[in-house]
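The values are calculated or read from the model by the stated rules, or taken from the named source; none is laboratory data. Owing to the predicted nature of the structure, the values given are computational and were not obtained by experimental measurement. A quick note on method: Cβ atoms are made from the backbone with ideal geometry, for glycine too, and the neighbour counts reach across all protein chains shown.
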Amino acid sequence: MKELLLKLHCLYEFTNFGYPELVFFLIIFFLSVNIKFMEIKVEVLRLKKEGLVIKDVTFNSIAQEVGIEAGDILLKINGVKVKDILEYKFLIADDFLNLVIKKNYGEEWEIEIEKDYDEDLGLEIIDPALEHPKRCHNKCIFCFIDQLPPNLRETLYFKDDDSMLSFLQGNFITLTNLKDEELDRIIKYRISPINVSVHTTNPTLRVKMLNNKRAAEINRQLKKLAEGGISINCQIVLCYGINDKEELINTLEDLKRLYPNVQNVAIVPVGITKYRENLYNIEGYDARKSLELIEYLKPLQEKYQRELGTPFARLADEFYVMAGVELPEYEHYGDFEQLEDGIGMIRFFERNIMEDLKALNFDGKGKRLAFITGESFFRYLDNISKLIAERFNLNIKVYKVYNEFFGEMITVAGLLTGKDIIKQLKNLIKEDYIVIPNNMLKADEDIFLDDISLSDLEKELNVKAIKVKYTGEDLLEKIKGEVI
């Protein structure tokens, strides 16, 4: 806007335009912008009303074989008008399909397809709902986004609370913006599993924690979903002195009554950054509080193990790291359903590395590698790096980076920023390669939370970066690919 005003000022100063001409110019300018915007908006709405636009077609897929192309519009499947990608995924599961496709030149085709049940068609769909997910209307007392510093990229400040993203991308939702009709739709189309941020089943306390009167409906909503056959992964962000101790036990007992539809509960510590000014006063977890929690919850986990054959409620790795106690064994974590919530991440990483130590065989030729991590994972990564170095003739140094960007209470590797890594390691890195886990970077782009790119990091540290999965699944393969 400032640039626009400057240009208009120059137009006034250096042309023969008077104020009437300038005002007329402004009206025409903004009308043209608005008309163009409206044209785009109308086109999007038209396509959405008409059907789902096909963005791409997988090579050698069923869709390609029957002549479907990018730009075509999917109108109906088995006589049902397709509203969104969830309905699409539900409808294409059948082994016989009748599709109505509008070609990009306007002609409508009716296509009959016989296939295996659940076999994919090979279509990539443009769903407007995914472009504009539902915004969260809660004002949670522990919200991490409210604790972000200013001037980060705009998308980091967006709070979604969308059931579609829960199913497709694993995002957690609170259910506060879902009407009963939408719950019925989840059940009808078997949108399962979904991830629900419960925090507490105490209606009064949940309203207080989420600052939303609809938060009180959680027990009825979970029961409705469970009775409808939906599988649910639950999350509790634990706030010391608020939803812990007796409140936590009561919540877990309520959720356990919905087992096996409520499959498991992840309990994670509240994240506290240095940007909590004027926000609700919350205490973070430390060594004493974490140990207290572990010991308090252990009898209930043992009870669930006897009754259900699973601990049911599992604590994030951070609690054990802070308490300085041994992590539970690998088997404690079942199928690692809530790995991205930090539940069992260390044991999963260790197992993947140990298996690859046995399976792979190569000579690292003494190449020097720098592993970068945060405070929480440092000790574990340092220990396992010694095994890797000895097995494959590598020189590995693990660097611990402190989170100055968010503050000392944020210790996980996934929230480290490029600037902190550069600032703390610029004159220390002497290795040939620097190994960066992918959870430090944006999902679809190699940039850190502070918009420093991976290539920026390489230039500043004068070292080649190797991006690996944070789970360790491809770590040794990636190293092998670089050093041989």
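Tabulated values for the structure
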| read-out | value |
| --- | --- |
| Wholly within the range 243-323, helices (runs of 4 or more DSSP H) carrying at least 2 residues that are modelled with pLDDT of 95 or more and surrounded by fewer than 17 Cβ atoms within 10 Å (Cβ to Cβ) | 245-256, 287-308 |
| Unique match (being over 29 Å from ARG206 (Cα atoms), basic (Lys, Arg) and modelled with pLDDT of 85 or more) among LYS139, LYS81, LYS89 | LYS81 |
| Cross-chain or 6+ apart pairs with Cβ under 7 Å, the range 332-346 first and over 17 Å from GLY472 (Cβ atoms), then of a type in the set (Ser, Thr, Tyr) | GLY334/THR310 |
| Selection count, the range 454-481, where residues are surrounded by fewer than 16 Cβ atoms within 10 Å (Cβ to Cβ) and either basic (Lys, Arg) or touching a residue at least 24 places away in the same chain (Cβ under 8 Å) (or both) | 7 |
| Cβ pairs under 8 Å, 6+ apart, first in the range 206-219 and in a helix (DSSP H, G or I), second of a type in the set (Gly, Ala, Ser) and modelled with pLDDT of 95 or more | ARG206/ALA215; ARG206/ALA216; VAL207/ALA215; VAL207/ALA216; MET209/ALA215 |
| Extreme residue, nearest to TYR275 (Cα to Cα), among residues of the range 412-427 that are touching a residue at least 12 places away in the same chain (Cβ under 8 Å) and surrounded by fewer than 20 Cβ atoms within 10 Å (Cβ to Cβ) | LEU415 |
| The lone exception for GLY407 - which of (1) under 23 Å from GLU154 (Cα atoms); (2) over 24 Å from the mean Cα position of the chain (by Cα) it fails | (2) |
| Residue satisfying all of: in the range 381-398; of a type in the set (Lys, Arg) and within 19 Å of ILE466 (Cα to Cα); farthest from the chain's Cα centre (by Cα) among these | LYS386 |
| Test set (1) closer than 18 Å to PRO260 by Cα; (2) modelled with pLDDT under 85 - GLN169 fails condition number | (1) |
